[in-house]
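One structure is given here, and the rest of the page talks about it.
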Amino acid sequence: MSITINTPKIREVINQVVNDPDYKQVSKVPLFSLHQIGLIILAYTGFIGGIYLHLTFQTSLWIVYPIMILSSYMAFTPLHDATHRAVSSNKVLNDLLGTISGFILMPFITTPTYRFLHMSHHRYVGDDELDPDSILVAFPTRYFPIGFLILPFFDVI
C-alpha cells in the first residue's frame, strides 16, 4: 500500500497542487514534444554513430563508450516520460515514441510494459523502509561532499 494513501498531510498537499488554477497550464502535454523527439533522434544518432565509428574507423572504445552511455541516458528520458504519459497528449503516439526510444535500452519491451514495471517500482514512494529509491533522496549529507559520490553508482547498477 502506498504511503500517499495513508498520510493525510501528503494527500492535502497533492490536492492543493492539483486544485491550483495554474496547474492545468503547467501540466499541459503537447501533441508533439519537440525536445522529446529531439532526444530520441540524438540518442539514435549517438548510438548508431558510436557503432559506426568503432566498426568503420576502429575508434577506441574509450571514446565510443562515453558516447554510447550518453545516448542510452538520452533514450531513457523519453521512455521514462512516456510511462508518465508526458511525451504526447495522444496516448498512442505517446506510447509509440516511448517504445521507439526504449528500443535502444530494452528491445521489444513496449512502453505499457515498462509503465507497469516502473509504476510497480514506485508504489512505495515516501516509505523509508519500502521505497527502493529512498537512499537517493536522503543520501548521507553529513559526509558532504563525499556523500554525493555515491549517486553515480546507482545509475551504473
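The C-beta contact set for region 92-105 (first residue hydroxyl-bearing (S, T, Y), second residue at pLDDT 95 or above and surrounded by fewer than 20 Cβ atoms within 10 Å (Cβ to Cβ), distance under 6 angstrom, 6+ apart or interchain) comprises T99/T110. Pairing each residue of region 24-42 that is closer than 27 Å to S72 by Cβ with any residue that is in a helix (DSSP H, G or I), provided the two are 6+ apart or on different chains, yields C-beta distances under 6 Å for Q36/P78; L39/M74; L39/T77; L39/P78; I40/P78; I40/S101; L42/M74.
Here is a yes/no grid of residues against (1) within 25 Å of H35 (Cβ to Cβ); (2) modelled with pLDDT of 90 or more; (3) among the charged types (D, E, K, R):
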{"site": "M106", "(1), (2), (3)": "yes, yes, no"}
{"site": "Y114", "(1), (2), (3)": "yes, yes, no"}
{"site": "Y124", "(1), (2), (3)": "no, no, no"}
{"site": "P145", "(1), (2), (3)": "no, no, no"}
{"site": "L151", "(1), (2), (3)": "yes, no, no"}
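Residues that are in a loop (DSSP other than H, G, I, E, B) and of a type in the set (A, V, I, L, M, F, W, C) within region 97-135 comprise F103, I104, L105, M106, F108, I109, V125, L130, listed in sequence order.
May I ask you to list the residues in region 10-29 that are farther than 20 Å from V125 by Cβ and surrounded by 10 or more Cβ atoms within 10 Å (Cβ to Cβ)? First the steps, then the outcome.
To start, the set of residues in region 10-29 that are farther than 20 Å from V125 by Cβ comprises 19-22, 24-26, 28-29.
Passing the criteria: D20, V29.
Suppose we filter F57, F116 for residues that are of a type in the set (F, W, Y), out of contact with any strand residue (DSSP E or B) (no Cβ under 8 Å at 6 or more places or on another chain), under 25 Å from P132 (Cβ atoms) and surrounded by fewer than 18 Cβ atoms within 10 Å (Cβ to Cβ); which single one remains?
Details: F57 fails: under 25 Å from P132 (Cβ atoms).
Checking each option against the conditions leaves just F116.
Each residue in region 85-96 was checked for being crowded, with 24+ Cβ neighbours inside 10 Å and either not in a loop (DSSP other than H, G, I, E, B) or not aliphatic (A, V, I, L, M) (or both), and 1 pass.
The values are calculated or read from the model by the stated rules, or taken from the named source; none is laboratory data. What you are looking at is a predicted structure, and each value in this text was computed from that prediction instead of being measured. All Cβ positions, glycine included, derive from the backbone under ideal geometry; neighbour counts span all protein chains shown.
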